[in-house]
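This report refers to the structure that appears directly beneath it.
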Amino acid sequence: MAMEGMVRTVLGDIAPADLGWCQCHEHVFLEKGRSFELHKALLMDDYEKSQAELFLYKNAGGSALVDAQPGGGGRMAERMVRAAKATGLHLIASAGFHKTVFYYDDSFLFRESEEQLADRFIREIEEGMLSSQMDGERRLPEKAGILKVAVDEGGLHRDATYEKLFHAAAATVKATGVSILAHFEKNSDAFEVLRFFEDAGIPANRLLACHLDRTRHDLGYHRELAAAGAYLEYDTINRLKYVSNEQEIALIQGMLEAGYQDQLLFSLDTTNERLASYGAPMGLDFILKHFSGMLEQAGVGKEILRHVMVENAARAIAIQAV
Ligand SMILES: [Zn+2]
């Protein structure tokens, strides 16, 4: 198991107290591949621009972020390492998998057995990340610190590939103690996923349920999931085609009123259409610079925001024996 209680960044393990302001689901680097073929916004392969975005974030008060692009699925490991050194930010890399539609037919995802997949994910966390697709299979000394999983429409029993991927994911969390960054689709059943991991002996507080503020914008459902012990990771902030910021804030207030201030996480789930250095009208600093003020006007003060961004994030992503 990785070192319990620590946060595993690409430049080494750090104490949770040293993490600082952390957005737990971002995409700052993404290489050209299948994702780009499907959505032109899914390409952030200009090192200088991505680094400039990270400095923008740091200058606004950012300290850490999770890059949610998993290994072999467009993650740019070498660039993350280089940018972490250049900016001084704590960058956390993802092992694991995204939706299978984002992979070419000859990908490891389809080829490897459940055991091979678990071995691949565990070694990325315990030994070192594999280089990005373009550079082949070279292993870096720098490690991934979280496990990305993606729940497609139809859930985790959608097909045999998802079945083996989720079983490999459970084995990875049990072996390493990392938490699970879960992508959910429209009307995904988060409880199916929660129960699956619980049946495997993994506590609910290892699950960071992402995107439910856009895929299942339903306060009652979110409260139930929080009551079960999961983290609700809200990353539809300023994605106005899905949800207005007023709706987003109302959801946050509803969760706070019900006492779930310890189980919220906020992020932006960026693409090149949401990164200022790539020409977008907003950037990684949006929560720090703009959303914080909107929240304050709505009565959600800076202390609560810091609690979510700093303390909750550190607790949610720290290594924990299961
Ligand atoms: Zn994402």
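The values are calculated or read from the model by the stated rules, or taken from the named source; none is laboratory data. Because the structure is predicted, anything quoted here is derived from the model rather than measured. Neighbour counts are summed over all protein chains in view; Cβ atoms, including those assigned to glycine, are modelled from backbone coordinates with ideal geometry. The protein model used for the area step is the full one, side chains on, heavy atoms only, and it has no ligands, DNA or RNA in it. Shrake-Rupley method; radii C 1.70, N 1.55, O 1.52, S 1.80 Å.
For this structure, a couple of remarks:
- Test: residue in the stretch 158-174 that is buried (at least 24 other Cβ atoms within 10 Å of the Cβ), touching a helix residue (DSSP H, G or I) at 6+ places or on another chain (Cβ under 9 Å), on the phi < 0 side of the Ramachandran plot and of a type in the set (Ser, Thr, Tyr): yes
- Among residues of the stretch 63-88 that are closer than 18 Å to Trp21 by Cα, those with a Cβ under 7 angstrom from a residue that is open to solvent by 10 Å² or more (accessible area, probe 1.4 Å) and of a type in the set (Gly, Ala, Ser), sequence gap 6+ or separate chain, pair up as Ser63/Gly20; Ala64/Gly20.
Yes or no, residue by residue, for (1) farther than 24 Å from Ile180 by Cβ; (2) free of Cβ contacts under 8 Å to residues at least 24 places away in the same chain; (3) touching a His at 6+ places or on another chain (Cβ under 7 Å):
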site: His222; (1), (2), (3): no, no, no
site: Lys241; (1), (2), (3): yes, yes, no
site: Ser244; (1), (2), (3): yes, yes, no
site: Asp262; (1), (2), (3): no, no, no
site: Phe266; (1), (2), (3): no, no, no
site: Thr270; (1), (2), (3): no, no, yes
site: Glu303; (1), (2), (3): yes, yes, no
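- Within the stretch 199-230, considering residues that are surrounded by fewer than 18 Cβ atoms within 10 Å (Cβ to Cβ) and among the acidic types (Asp, Glu), the one nearest to the ligand (Cβ to nearest atom): Asp218
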